[in-house]
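Asker: I'd like to ask you about the structure that follows.
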Amino acid sequence: MDPSNYLKIKDKIPSNVNILAVSKGFKSQEIKTIQNIGQNDFGESKFQEAYEKQLILKDLKIINWHFIGRIQSNKIRKIVQNFKYIHSVDSFEKLQKISNISYEENKNPLIMLQVKLNDDPTKGGFIPELLIAKWDEIQELQNITLTGLMTINPKGLGSKENSELFKKCRILADSFQLPDCSMGMSGDWKEAIDAGSTWLRLGSLIFGERS
Ligand SMILES: *Cc1c(COP(=O)(O)O)cnc(C)c1O
């Protein structure tokens, strides 16, 4: 891994757009290297892998950990205990469970709800109609702070299609007055910035290819 990649990419990103360094597949030492040059937000998608790194890095209290992977119900307590942000809440049932457990644990995670903006059988998420239908119930939930929406575009789309999906996410978030859109990865971050992303989730662009 070449740490200068991080500085180069950071230079190209407007300062009002946050970078989430996606460290899945990379070691705690590599996280430390990037942290050392100014990056404090790190994203992981598998609980066990993340937790091992969190233990090694536990003295680096400045790190904000973000969970971005598919949430298994039996891992929710551990995720709530160990992550400040959860980007990938893809159903109302899981959101309710997160809320209940956060209450018991005296936590208040920052939450982004994953939305599904086109037909992609490989991805979970709220369809917009469901989000609208559940909105009042969602707002009743305690011990969660809902800050935005998150979306993952299907692989292989062109730049125009990526832009359109990102814009849909931004419009939907705005309609709920949610500030955050977690969208854009190493292949489509430029389109995501133009559409109003507030969190780019960048893995390979920062750390190199995952083995
Ligand atoms: C792995 C991953 C990323 C980062 O992917 P890159 O293409 O390496 O930037 C972003 N978001 C999620 C949900 C991921 O699982």
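Asker: So how many residues does segment 176-211 have that are of a type in the set (Phe, Trp, Tyr) and loosely packed, with under 15 Cβ neighbours inside 10 Å?
Answerer: The qualifying residues number 0.
Asker: Can you pull out every residue in segment 182-208 that is more than 8 Å from the ligand (Cβ to nearest atom) and among the charged types (D, E, K, R)?
Answerer: Asp188, Lys190, Glu191, Asp194
Asker: For the condition in contact with a helix residue (DSSP H, G or I) (Cβ under 7 Å, 6 or more places away or on another chain), free of Cβ contacts under 8 Å to residues at least 60 places away in the same chain and assigned to a helix (DSSP H, G or I), what is the one hit in Leu149, Leu172?
Answerer: Leu172
Asker: Condition first: touching a Pro at 6+ places or on another chain (Cβ under 8 Å) and of a type in the set (A, V, I, L, M). Now tell me which residues in segment 1-42 satisfy that.
Answerer: Selection gives Ile34, Ile37.
Asker: Do we find a residue being β-branched (Val, Ile, Thr) and open to solvent by less than 80 Å² (accessible area, probe 1.4 Å) anywhere in segment 49-58?
Answerer: Looking through segment 49-58, none of the residues is β-branched (Val, Ile, Thr) and open to solvent by less than 80 Å² (accessible area, probe 1.4 Å).
Asker: Suppose the filter is in contact with a strand residue (DSSP E or B) (Cβ under 7 Å, 6 or more places away or on another chain) and open to solvent by less than 50 Å² (accessible area, probe 1.4 Å); does Ala173 pass it?
Answerer: yes
Asker: Which one is most open to solvent (accessible area, probe 1.4 Å) among residues in segment 89-141 that are within 22 Å of Lys155 (Cβ to Cβ) and acidic (Asp, Glu)?
Answerer: This residue is Asp119.
Asker: Something else now. From Ser99, Ser73, Ser88, which residue is of a type outside the set (A, V, I, L, M, F, W, C) and touching a Leu at 6+ places or on another chain (Cβ under 6 Å)?
Answerer: Exactly one residue qualifies, and that residue is Ser99.
Asker: Further question: I need the full set of residues from segment 32-61 which are under 24 Å from Val89 (Cα atoms), away from the ligand (no atom under 16 Å from the Cβ) and assigned to a loop (DSSP other than H, G, I, E, B), in order please.
Answerer: Answer for segment 32-61, where residues must be under 24 Å from Val89 (Cα atoms), away from the ligand (no atom under 16 Å from the Cβ) and assigned to a loop (DSSP other than H, G, I, E, B): just Asn40.
Asker: Quick one: would you say Ser163 is on the phi < 0 side of the Ramachandran plot, open to solvent by less than 60 Å² (accessible area, probe 1.4 Å), more than 16 Å from the chain's Cα centre (by Cα) and hydroxyl-bearing (Ser, Thr, Tyr)?
Answerer: yes
Asker: May I pose another question? Can you name every residue in segment 5-38 that is open to solvent by less than 60 Å² (accessible area, probe 1.4 Å), over 16 Å from Arg201 (Cβ atoms) and small (Gly, Ala, Ser)?
Answerer: Ser28, Gly38
Asker: A follow-up question, please. Of all residues in segment 2-31 being within 16 Å of the ligand (Cβ to nearest atom) and in a loop (DSSP other than H, G, I, E, B), which is farthest from Met112 (Cα to Cα)?
Answerer: In this case the residue turns out to be Asp2.
The values are calculated or read from the model by the stated rules, or taken from the named source; none is laboratory data. Values in this document were obtained by computation on a predicted structure and should not be read as measured data. Cβ sites come from the backbone with ideal geometry, for glycine too, and all protein chains shown count toward neighbours. Just the protein is used for accessible areas: all its heavy atoms, side chains included, with ligands, DNA and RNA removed. Shrake-Rupley method; radii C 1.70, N 1.55, O 1.52, S 1.80 Å.
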